[in-house]
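*Asks:* Structure below; questions to follow.
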Amino acid sequence: MMVRFQEYRSLALRTAAVVALALSSLACAKAPEVEPLPAEIASQMEQKVLDAIAKGVMPGAVLAVGHDGVVLEERAIGNKALNPDVPMTTDTVFDLASVSKVVGTATATMLLIEDGKMTLDTRVADILPQFAEHDKGDVRIRDLMTHSSGLKPYENWKTAEAIRNGGAQSDALVNRIASLEKQYPTAEYYNYSCLNFLTLARLNEIVAGESQESLLRRRVWQPLGMNDTAYVLRPDMVARWAPTFAGSLPEGRQPGSTHDPLAFYYGSTPEHCPGNAGLFSTVHDLEKYCQMILNEGELNGVRVFKPETIRLMTGVHAALPDYKGRDANGNPKGGEITQRGLGWGVYSSAPYTHPDGPAGSWVGHTGYTGTYLWLDMNKNAYVLLLANSVYSKDPPVTTPTRRAVTGLMVDYLYGSGG
């Protein structure tokens, strides 16, 4: 069950009254208690966001933290647009950017894996035959989800347009990605790539026989009451959209268009949705999604996934050196080790982790536009920081704010002495 702190306290008081009446022989009856987020910590978190606003890092943000099924804090801070100022609100619709990879595409993949329609070891070329070109026949679903396929990070949409020949833009982009050579041997390095998840979304749709929007709405969003999560926005969602461009929109863009160039080129239609970005949502919906993950697939009596599916999704499936190009002899070279789950990043260092918690307990994802979610599977807690940072700065400078807010939450959960 997930409730807001004020609702929880009200429910606890009512429960205590009923118990006291039923057990009148007892001197008193005490309901279970969930402690509120200390006012000092909530204020410090807000101040970190205000500091970022003052520095022009973002026009505003929505901050939410949850613990043990209770939304402890939820604040809209600053504005979502400037000149004139438009206040940020807790029902603001955000362009999730790469948070789409986990909330959208990876979630759809896990549904299909749970259904037995594909496995982590299913080869991409078995579903999308053209992907086998240039020795990519060994790339598996697992490699796309952990960013270890060998594909480069990004591509210019114009290279897809050059081969489109009047066909659908989404098909042209899928075919362009399938034609690329690998930068490094599959499963030997980590290299975060939007191309992995654009490919994965198309695989999901081929296997499911429906678009990601249709699959996710039917199996996840509607059952959980995530009514403001979509690839294609309703008019009322567009009216609450946090703009990602200051001033006039670039040519071809409309209010509610995704910021990411490849996702925008790919487009969201009844048949196909982009897998790297393009999903929109609100803090209220993402609170539900995060709590469902923390509850191992269930929320408010509705089961979306089996517990073992969530454990599979959030576990470490790759711990590989970052791909750093090639040395003077033309051989791939690696950097620090990065841990990845299935879609999720798995944090291994402060301020995202704490020595008192089991390794692998902390997962999350960031989005280029300024979105961020962090989950502590050990403490049943999450942080959501949703901003349209690219409105103020592009490229955005959001990492220091995310680190500061997360560090405060970790201190709250584990104590500041660790």
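*Asks:* Which strands (runs of 3 or more DSSP E) does region 313-366 wholly contain that include 3 or more residues that are surrounded by fewer than 20 Cβ atoms within 10 Å (Cβ to Cβ) and either within 16 Å of the chain's Cα centre (by Cα) or free of Cβ contacts under 8 Å to residues at least 40 places away in the same chain (or both)? Before you say what the answer is, go through the steps one by one.
*Replies:* Working: elements: 318-326, 332-340, 362-366.
Hits in region 313-366: 318-326, 332-340.
Residues are listed down the side, and each one gets a yes or a no for (1) part of a helix (DSSP H, G or I); (2) out of contact with any His (no Cβ under 7 Å at 6 or more places or on another chain); (3) in contact (Cβ under 8 Å) with a residue 40 or more places away in the chain; (4) of a type in the set (Phe, Trp, Tyr):
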site	(1), (2), (3), (4)
ASP121	no, yes, no, no
LEU144	yes, yes, yes, no
HIS147	no, yes, yes, no
TYR154	no, yes, yes, yes
ALA160	yes, yes, yes, no
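*Asks:* Being out of contact with any strand residue (DSSP E or B) (no Cβ under 8 Å at 6 or more places or on another chain), among the acidic types (Asp, Glu) and either crowded, with 24+ Cβ neighbours inside 10 Å or closer than 15 Å to THR371 by Cα (or both) is the filter here, so list the residues in region 87-125 that pass it.
*Replies:* Narrowing region 87-125 to residues out of contact with any strand residue (DSSP E or B) (no Cβ under 8 Å at 6 or more places or on another chain): 91, 100, 104-119, 125.
With the extra rule that they be among the acidic types (Asp, Glu), the set shrinks to 91, 114-115.
Once the filter is applied, which keeps residues that are out of contact with any strand residue (DSSP E or B) (no Cβ under 8 Å at 6 or more places or on another chain), among the acidic types (Asp, Glu) and either crowded, with 24+ Cβ neighbours inside 10 Å or closer than 15 Å to THR371 by Cα (or both), region 87-125 yields only ASP91.
*Asks:* Okay, moving on. When only residues in region 301-312 that are of a type in the set (Val, Ile, Thr) and not in a loop (DSSP other than H, G, I, E, B) count, which is surrounded by the fewest Cβ atoms within 10 Å (Cβ to Cβ)? Spell out the reasoning first.
*Replies:* The first filter runs over region 301-312 and keeps only residues of a type in the set (Val, Ile, Thr), leaving 302, 304, 309-310.
After this cut, where a residue has to be not in a loop (DSSP other than H, G, I, E, B) as well, the list is 302, 309-310.
Numbers: VAL302: 14, THR309: 17, ILE310: 21.
Looking at residues that are of a type in the set (Val, Ile, Thr) and not in a loop (DSSP other than H, G, I, E, B), I get VAL302.
*Asks:* Also, quick follow-up: Please list, ordered by residue number, the helices (runs of 4 or more DSSP H) wholly in region 196-300 having 3 or more residues that are under 22 Å from MET313 (Cα atoms). Let's see the steps before the verdict.
*Replies:* Working: elements: 212-216, 235-239, 261-266, 283-294.
Where helices (runs of 4 or more DSSP H) fall fully within region 196-300 and carry at least 3 residues being under 22 Å from MET313 (Cα atoms), they are 212-216, 283-294.
*Asks:* So, ALA172, is that one surrounded by fewer than 18 Cβ atoms within 10 Å (Cβ to Cβ) and over 20 Å from ALA319 (Cβ atoms) or not? First the steps, then the outcome.
*Replies:* Numbers: surrounded by fewer than 18 Cβ atoms within 10 Å (Cβ to Cβ): no; over 20 Å from ALA319 (Cβ atoms): yes.
Spelling it out, it is not the case that ALA172 is surrounded by fewer than 18 Cβ atoms within 10 Å (Cβ to Cβ) and over 20 Å from ALA319 (Cβ atoms).
*Asks:* Taking the stated definitions as given, is THR406 assigned to a loop (DSSP other than H, G, I, E, B) and either modelled with pLDDT of 95 or more or not charged (D, E, K, R) (or both)?
*Replies:* no
The values are calculated or read from the model by the stated rules, or taken from the named source; none is laboratory data. Bear in mind that the values here come from a model prediction, so they are computed numbers and not experimental data. Because the Cβ atoms are built from the backbone with ideal geometry, glycine has one as well, and the counts that use them run over all protein chains shown.
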